[in-house]
Amino acid sequence: MMTGTFLGSGPLRIIVAPDSFKGSLSAVEAARAMARGIRAVFPEAEVVELPTADGGEGTMEALVAATGGRLRHATVQGPLGDPVRAAWGVLGDGRTAVIEMAAASGLTLVPEARRDPRLATTFGTGELVKAALDNGLRRLILGLGGSATNDAGAGLARALGARFLDAAGHDLPEGGAALARLTRIDLAGLDPRLAETELLVACDVDNPLCGPRGASAVYGPQKGATPEIVRELDAALEAFARIARRDTGRDAAEVPGAGAAGGLGAGLLFFTPARLRPGVGIVLEAVGFEARVRGADLVFTGEGRTDAQTVMGKAPVGVAAAAKREGVPVVCLSGGLGDGAEAVLAHGIDALAAVPPGPMDLDACLTGGAPLLEAAAARTCRLLKVGRSLRT
């Protein structure tokens, strides 16, 4: 039930906080389209655009845009060693860096025919972390997701000064398969600046490092792993976890989220002062969402597809939970409604609507995302305008 002041009179203050519409619109583009539709019906309204994300693709862009930050670029080592020009961001506070591991170590950087999680490395992600440290930043937000890798963050740690050695004392090559030969981890050269850095890791999965729900078994196949390669990689991660536990004094392999991004979650817990948290919570905190939604009349959120999984930590439900703490009603516009979509109505979303006005070809929906979303926001606002005119 809507509990805000929307049915009152006077100028409106509306917060627009969508996730990306994957394959169609970034969160920034979605927020702009929604805002245009709202202003077409409520031209006097104050519309605040706060594009959001849940830690996956688009997190960096959303945070930089919402906080008035700026983008930086660095040439780093890609998943298979090729140089990659990767973007990272500095938030509007001037002290927080935001990095998406997929920008340096992502699956989309590797042509399908070359995908091999036995060889892929997170070294380039470590280089982005180092770039942030070199720029004097000591608060980092790192988004996991979309990785090409299965190296448990060994590449990242190596870029920051760690060494991974075999029985002969030689450095192991890059990639997850080589970890099967790991006998010692040398942390003497690990960048000392990490100890004074706050590292928040946006992670929206709860997989452990190894086993049937681990990084190799669950995510390996989409990165090119056959069943035989999955078994090889899982055994290598078990060896890694055993040595890492001994040489770091930490036990991270079973922590929920350790298996995220090919085990990068575990590596960050083993080698850095990282804290793994649900991605949407980190994003909303970084943009100061609760303070900015306070006193608002209405919140618009949205995503590409709403279904039963949306309630499992996705951005619209995170936005709704924060809005509810301030008593502000929430409308969700979705590119598509799947099985179980109505579950969001028990999690803080007051109204749910599909963006397409009727049956449409998927390609037409994706290519026409911005005008369709703008029109959907306007349609919704016209209905809300009728509601404002009703006497209670």
Applying the Karplus parametrisation 6.51 cos²θ - 1.76 cosθ + 1.60 with θ = phi - 60° to the phi angles of segment 264-273, what ³J(HN,Hα) value in whole Hz is obtained for each residue in order, glycine and proline being reported as x? 4, x, 5, x, 5, 5, 6, 10, 9, x
If one puts a single equal scatterer on every Cα of segment 99-157 and applies the Debye formula without solvent, what log₁₀ I(q)/I(0) results at q = 0.12, 0.28 Å⁻¹? -0.28, -1.15
Give me the aspartates and glutamates in straight-line cross-link reach of Lys314: C-alpha distance below 13 Å, same-chain residues under 8 apart excluded. Asp19, Asp54, Glu57, Asp204, Glu303
If each residue of separation counts as 0.36 nm, what is the full-extension length gain between Ala167 and Ser389 once their alpha-carbon separation is subtracted? 72.2 nm
Cross-link table Lys223/Lys324; Lys130/Lys324; Lys324/Lys385, entries beyond 28 Å C-alpha to C-alpha: Lys223/Lys324; Lys130/Lys324
What is segment 59-280's relative contact order, in percent, from Cα pairs under 8 angstrom and six or more apart in sequence? 19
Taking only the alpha-carbon atoms of segment 59-280, the convex hull volume per residue, in cubic angstrom, is 103
Of all DSSP beta bridges with both partners in segment 59-280, the antiparallel percent, nearest 5, is 50
So who's got an amide H within less than 5 Å of the one on Ala45, skipping anything under 5 residues away but keeping other chains? H placed 1.01 Å off N, in plane. Leu12
Using only the alpha-carbon atoms, how far is helix 27-41 inclined from the longest principal axis of the chain? Give it as 0 to 90 degrees, nearest 10. 0
Note to self: C-alpha centroids of segment 322-392 and segment 15-82 sit apart, in Å, by 18
Radius 15 Å from Cβ of Leu362, net charge of other residues (Lys, Arg +1; Asp, Glu -1): 0
The chain, relative contact order in percent, only Cα pairs under 8 angstrom and at least six apart counted: 20
Gyration tensor verdict on segment 9-120 (Cα atoms; rounded if a/c is under 1.5, prolate if a/b is larger than b/c, oblate otherwise): prolate
Phi to ³J(HN,Hα) by Karplus 6.51 cos²θ - 1.76 cosθ + 1.60 over segment 182-198, Hz, x for Gly, Pro: 5, 10, 7, 10, 9, 9, 4, x, 4, 3, x, 5, 4, 5, 10, 10, 8
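Since every read-out is calculated from the coordinates, none of them should be taken as a lab result. This structure is a prediction, so every number in the text was calculated from the model and none was measured. All Cβ positions, glycine included, derive from the backbone under ideal geometry; neighbour counts span all protein chains shown.
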